[in-house]
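Step one of this worksheet: look at the structure below.
The values are calculated or read from the model by the stated rules, or taken from the named source; none is laboratory data. Note that the coordinates shown come from a computational prediction; the quantities given were computed from them, not determined experimentally. Neighbour counts are summed over all protein chains in view; Cβ atoms, including those assigned to glycine, are modelled from backbone coordinates with ideal geometry.
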Amino acid sequence: MNGYVVKLRGLGRLRGSIEKNVDGGSYVSFKGVPYARPPVGDLRFSDPLPPLSWTGIREAVNFGNSCGQFDVATRKIIGGDDCLYLNIYAPLPEEGLPRRSDLPVMVWIHGGGFVMGSGDDFLFGPDYLVKKNVIVVSINYRLGVLGFLNLEHKVAPGNQGLKDQIMALRWIREHVQVFGGEKSNVTIFGESAGAASVHYLTLSPLAQGLFHKAIAQSSSGFCPWASKLSNPKRDAMRLLEYLKINSTNEREIVDRLKTVECSKLIEAQTKIQTPQEKISCVWLFGPGNDDAADVPFLPKFSESIKNGVVKVPLILGYNNGEGIIFSKTLNSKSCEAMNEDFEYLVHPKISDDMKRGRGITAADLKLAYFGDGPLHPERSMRNFVNFMSDMQFTNAIYELAKRQVKKGREKTWLYRFSFDKGMSFLKLVLNATHLPGACHADELAYLFYPHGLVDLGFLPPEKGSKERILIERITGMWTDFAKIGNPTPGESEFVKINWEPIKSVDELNCMEIDEELGTSINPDLERLLIWNRLPNKL
């Protein structure tokens with residue numbers, strides 16, 4: 001163990017452990033490493049501060065606390081304020097050789113709608129990736145009200161959670177060489193809210209130079225649920241009403257909220273979300289305009305997202321059955337509401353867009369996806385999945401892809417993940433294994449080993465199986481991209497076709513990731529054409 005003590009400049013010594021890789025061999029692990037000062041007490045809702053130093057050797061063998069959140073699996077509130085930790089996984093150096101300091105670094109940002117999730121190995125074990133000779137770093141960041149309280153005032157301007165991510169990237173730039181990583185070759189990658197975070201980070205002036213490539217899986221900053229652009233203070237006031245805090249003075253509000261137990265804040269955040277907000281995926285606290293901050297994460301947030309492009313090489317893509325994640329929300333009660341007024345299902349941001357233009361209405365959307373008959377909990381399911389896929393994910397991903405081609409200078413690669421022959425954790429949870437398509441997050445099981453799902457039968461696939469080949473393909477393309485900025489630099493044992501970057505805004509060439517790899521053009525364009533009638537589309 002003493003051989004894996006590292007010294008961090010200005011902080012202290014840190015001891016990691018040797019972990020057995022479920023895929024064979026071992027790797028070095030440093031868990032629960034603080035990258036910022038705990039945002040507790042008076043620091044709640046504040047921008048993150050650099051971590052404090054320590055004396056002696058700090059043990060890095062257990063994961064740090066996750067951010068306070070409602071755990072949908074256990075139906076309990078878990079985590080707390082003290083959550084700003086990261087985890088570092090590195091290949092085990094060969095015996096007798098010094099640790100390298102030139103390995104590519106891949107920084108994972110977890111999803112969860114900006115209200116849930118963690119960077120630990122319950123879902124995100126590094127086993128498959130670290131074998132490809134890269135450093136893997138996973139991070140926690142503040143979520144929900146803790147990370148995104150926005151009173152449109154400098155005492156709580158919002159985007160604290162995104163600034164946490166920047167603090168983590170600064171820490172990585174400062175210290176990653178100690179673990180074997182090359183600070184000038186960093187790739188950020190994430191899924192869902194993590195992918196939206198990736199998009200936002202590529203645009204933030206505070207993050208420039210902290211990474212060099214980006215991968216955004218199943219989201220972009222254009223997704224309607226991924227930002228809170230209007231009336232953030234109004235929703236904060238709903239929280240105050242639930243907590244019986246009677247004040248309109250921003251400083252007094254923040255002072256009062258700092259005294260509320262973390263679990264009570266999360267309970268309030270959960271309780272005030274309405275059934276309609278749940279079904280249309282409206283989060284009350286999320287990324288948005290923080291111009292009131294002394295140092296904004298992204299000045300003029302909405303305008304910057306709309307007009308900005310990613311200025312680093314980018315992989316962007318989605319799963320062909322993203323909307324399966326919403327399948328449980330289609331029932332007799334919701335169908336009755338949607339048959340009475342289809343706008344019940346439409347995300348308010350989309351509704352606002354429709355009202356600003358005259359090109360499309362909620363009735364148009366219903367007709368395009370469901371025809372002129374009533375919605376039914378069973379007969380309408382496939383169309384419902386397609387509609388939710390397109391509204392919440394696919395349309396926004398295509399929008400970013402088109403902007404990259406039309407306005408960007410860096411190469412962008414587009415993929416669609418369609419493999420539906422392995423185990424799907426979310427389909428099991430949702431009782432939706434009968435629904436065709438790759439559900440939201442299904443691709444993650446082929447990038448990461450989910451240590452927390454062993455009891456459910458999620459074991460490393462056997463050599464030669466379809467799942468094993470898929471793991472080798474995806475981890476190979478992702479790590480080749482992290483290494484040299486090209487996911488298919490040449491023919492390999494598992495990847496024998498060339499994945500070309502997008503060349504035309506009219507013909508978005510796409511890598512099809514299924515049982516076999518293939519290529520296609522605009523695979524879901526026919527369904528998405530109706531969305532082009534919304535205002536502000538390319």
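Give Met116, Met106 a once-over and let me know the one that is among the hydrophobic types (A, V, I, L, M, F, W, C), modelled with pLDDT of 95 or more and surrounded by fewer than 24 Cβ atoms within 10 Å (Cβ to Cβ).
Result: Met116 is the single residue among Met116, Met106 that is among the hydrophobic types (A, V, I, L, M, F, W, C), modelled with pLDDT of 95 or more and surrounded by fewer than 24 Cβ atoms within 10 Å (Cβ to Cβ).
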request  = Would you mention how many residues in region 510-529 are out of contact with any Leu (no Cβ under 7 Å at 6 or more places or on another chain), of a type outside the set (Gly, Ala, Ser), surrounded by 13 or more Cβ atoms within 10 Å (Cβ to Cβ) and not in a loop (DSSP other than H, G, I, E, B)?
outcome  = 7
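Can you give me the number of residues within region 367-386 that are assigned to a helix (DSSP H, G or I) and either crowded, with 24+ Cβ neighbours inside 10 Å or more than 29 Å from the chain's Cα centre (by Cα) (or both)? Spell out how you get there, then give the answer.
Taking region 367-386 as the starting set, the residues that turn out to be assigned to a helix (DSSP H, G or I) are 367-370, 381-386.
Next cut, either crowded, with 24+ Cβ neighbours inside 10 Å or more than 29 Å from the chain's Cα centre (by Cα) (or both) only: 367-368, 370, 384-385.
Total satisfying the criteria: 5.
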task = List every residue pair whose Cβ atoms lie under 8 Å apart, where the two residues are 6 or more positions apart in sequence or sit on different chains, the first residue falls within region 8-28 and is within 17 Å of Gly181 (Cβ to Cβ) and assigned by TED's automatic domain parsing to the domain that holds Pro51, and the second residue, located anywhere, is of a type in the set (Phe, Trp, Tyr) and surrounded by 16 or more Cβ atoms within 10 Å (Cβ to Cβ).
result = Leu14/Phe30; Gly16/Tyr4; Gly16/Phe30; Tyr27/Tyr89; Val28/Tyr4; Val28/Tyr89; Val28/Phe179
note = Across (1) basic (Lys, Arg); (2) outside the structural domain of Gln217 (by TED's automatic domain parsing); (3) buried (at least 21 other Cβ atoms within 10 Å of the Cβ), Arg44 clears everything bar (2)
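Specify which of the listed residues (Phe30, Phe45) is modelled with pLDDT of 95 or more, more than 26 Å from Leu257 (Cβ to Cβ) and under 23 Å from the mean Cα position of the chain (by Cα). Talk me through it step by step, then tell me what you get.
On the way: Phe45 fails: more than 26 Å from Leu257 (Cβ to Cβ).
Result of the check over Phe30, Phe45: Phe30.
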request  = Could you please give the count of residues in region 290-346 that are assigned to a helix (DSSP H, G or I), over 22 Å from the mean Cα position of the chain (by Cα) and among the acidic types (Asp, Glu)?
outcome  = 3
query = Scanning region 487-507 for residues that are without any contact (Cβ under 8 Å) to a residue 12 or more places away in the chain and among the polar types (S, T, N, Q), which turns out surrounded by the most Cβ atoms within 10 Å (Cβ to Cβ)?
reply = Thr488
Residue in region 487-496 that is farther than 15 Å from Ile397 by Cα and within 25 Å of the chain's Cα centre (by Cα) present = yes
query = Looking at this structure, is Arg100 over 24 Å from Lys183 (Cβ atoms) and charged (D, E, K, R)?
reply = no
query = Gly68: in contact with a Gly (Cβ under 7 Å, 6 or more places away or on another chain) and of a type outside the set (A, V, I, L, M), yes or no?
reply = yes
ask   = Are any of the residues in region 449-471 surrounded by 22 or more Cβ atoms within 10 Å (Cβ to Cβ), of a type in the set (Gly, Ala, Ser) and within 24 Å of the chain's Cα centre (by Cα)?
value = no
